[in-house]
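The values are calculated or read from the model by the stated rules, or taken from the named source; none is laboratory data. Here the structure is a predicted model, which means the values were calculated and not measured. Methodologically, a virtual Cβ is constructed for each residue, glycine included, from the backbone with ideal geometry; neighbour enumeration extends over all protein chains shown. Side chains are part of the model used for accessible areas, which takes the heavy atoms of the whole protein and leaves out ligands, DNA and RNA. Shrake-Rupley method; radii C 1.70, N 1.55, O 1.52, S 1.80 Å.
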Amino acid sequence: MNTAVTTTPTGIHHITAIAGDPQVNVDFYTRVLGLRLVKKTVNFDDPTAYHLYYGDAAGSPGSIVTFFYWPGLEAKGRVGSGQNTAIVFSAPAGSLDFWQNHLSAHGVVSHRRERFGETVVAFADPDGIPIEIVAVAEDNRAGWTTADISAAQALRGLHTAEITVRSAAKTEALVTGVMGYQLQRRDGARARFEAAGGGGSGHYIDIIADPSARPGVGGAGTIHHIAWSVPDDETELSMQSALAAAGHLVSDVRDRNYFQSIYYREPGGVLFEIATANPGFAIDEAPESLGTALKLPAQFERARSQIESLLPPLGAK
Ligand code: ZN
């Protein structure tokens, strides 16, 4: 593990996508993929939308995938350039036979491929988001286990953040410049970069250059943004200054209750966020009961009954 002082992101914090049906989403991510639902809340910029967070036991940075769901706005998007184009998880070496059988038992068709010397199982979630599980020998993160999924099989968190852009030069310059990533490998149109502090699985971004890719269209079944992790507010503010100094339009700090965030769009069109590792999901729920109640930030508590009446109820995992 990296213990050096860092002023750039340490790796992936979370990936956020858009769901077409929240109950189908909860069932798939908790029962089929075996993640823990760690927070049930709303979009802080639009409290009529659910915001569901899944991850490991604590919802650790690097393990988190989140979904927005807007009631009545289930229109499908299109996966394409200017977007994150897959959610890629790390799983223990030797677990891929289990995963293919488990997915098949839930009616999910999967395929195997090789990439950078690792075996990948590729499939799609119920809304069509491309999902991959990579067998990784070296990754000591502990995944959440369920009745069906043991520690020897559990997804340990995200492996890489894959984005597709029509032209990669400016994106690569940002990632290797102010963000501090280093080129690790290149294979055809795909280049893999690792965070400045290293760390392997969970600390990569894959940039795919595809000049003929159709532009992505936001909507259900697409990924909305990728967030990079920084340890604290001080690092976030230094990244905000560095991004602005490099000519990137970067947002003010937004209070996301479980972390503090800034947002900017990389030159290829993908929305990036930088999120702090603290305070995390136990700030408003006990660790053992994460994800069980609808949690609202203070500014929305007075409108709780109205918000609850607009959101469809979600059944137990
Ligand atoms: Zn986010």
Legend entry - Rounded to the nearest 20 debye, dipole of the stretch 11-310 from Cβ charges on Lys, Arg, Asp, Glu: 600 debye
Legend entry - Euclidean distance of C-alpha centroids, the stretch 74-100 and the stretch 156-225, integer Å: 14 Å
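Order 59-66, 43-50 from most to least packed using the mean count of other Cβ atoms within 10 Å.
Result, highest mean first: 59-66, 43-50.
Using a 10 Å cut-off on Cβ atoms, rank the peptides 156-167, 256-267, 196-207 from the highest mean neighbour count down.
Working: 156-167: 23.7, 256-267: 19.5, 196-207: 21.7.
The packing order, highest mean first, is 156-167, 196-207, 256-267.
Given a cut-off of under 8 Å on Cα pairs at least six residues apart, what relative contact order in percent is computed for the chain?
Values: 751 pairs, mean separation 82.5, N = 317.
Rounded, it is 26 percent for the chain.
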Inset, instruction - Would you look at the GNM of the chain, springs on alpha carbons closer than 10 Å, and say which of Lys170, Lys295, Lys40 moves the most? - result: Lys170
Inset, instruction - Grab the DSSP H runs of the chain that are 4 residues or longer, score each as -39,500 (n - 2.57), total them, divide by all residues and round the 222 nm result to the nearest 500 deg cm²/dmol. - result: -4000 deg cm²/dmol
Legend entry - Spin-label pair Ser104/Ala151, simplified geometry with 7 Å Cα→Cβ offset, distance in nm: 2.9 nm
Legend entry - Efficiency of FRET from Cβ geometry, Ala189 and Arg214, R₀ 22 Å, rounded to 0.05: 0.90
Inset, instruction - Give me Rg over Rh for the stretch 1-70, both radii from the alpha carbons and Rh done the Kirkwood way, two decimal places. - result: 1.06
Legend entry - Spatial separation of Cα centroids for the stretch 248-271 and the stretch 6-67, in angstrom: 17 Å
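Output the relative contact order of the stretch 4-106, whole-number percent, from Cα pairs under 8 angstrom with separation of 6+ residues.
Values: 121 pairs, mean separation 27.7, N = 103.
Across the stretch 4-106, relative contact order equals 27 percent.
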Inset, instruction - Highest first, please rank the peptides 130-142, 77-89 by the mean number of other Cβ atoms sitting within 10 Å of their residues. - result: 77-89, 130-142
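With every protein chain kept in place and ligands, DNA and RNA left out, what is the accessible area per residue of the chain? Probe 1.4 Å, answer in Å². Can you show the working numbers first?
Values: 13050 Å² over 317 residues.
Per-residue accessible area for the chain comes out at 41 Å².
Counting only DSSP beta bridges with both residues in the chain, what percent are antiparallel, rounded to the nearest 5?
Details: 54 of 79 bridges.
If I count the DSSP bridges inside the chain, around 70 percent turn out antiparallel.
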Legend entry - Lys/Arg +1, Asp/Glu -1 at C-beta; the chain dipole; positive extreme among Pro9, Phe44, His248: His248
Legend entry - Cβ-placed point charges (K, R +1; D, E -1), dipole of the stretch 249-297 about Cα centre in debye, nearest 20: 120 debye
Inset, instruction - With a Förster radius of 35 Å, plug the Cβ-Cβ distance of Ala58 and Leu249 into 1/(1 + (r/R0)^6) and report the FRET value to the nearest 0.05. - result: 0.60
Inset, instruction - Calculate the spin-label point distance for Ala277 paired with Glu301, positioning each point 7 Å from the Cα along the beta-carbon direction, and give it in nanometres. - result: 2.9 nm
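Which percent of the accessible heavy-atom area of the stretch 76-231 goes to carbon and sulfur, probe 1.4 angstrom? Intermediate values should be presented prior to the final figure.
On the way: 3060 of 6220 Å².
C and S fraction of accessible area: 49 percent.
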Legend entry - Note, ³J(HN,Hα) from phi for the stretch 175-186, Karplus 6.51, -1.76, 1.60, rounded to Hz, x at Gly and Pro: 5, 8, x, 5, 8, x, 6, 10, 4, 9, 8, 9
Legend entry - Most positive-pole-ward Cα, Gly199, Gly117, Phe259, against dipole of the chain from beta carbon charges: Gly117
Legend entry - Per-pair calculated FRET efficiency, R0 = 41 Å: Ser241 and Ala286 via Cβ, rounded to 0.05: 0.65
Inset, instruction - Using label points projected 7 Å from each Cα along Cα→Cβ, tell me how many nm separate Glu114 and Lys170, to one decimal. - result: 3.7 nm
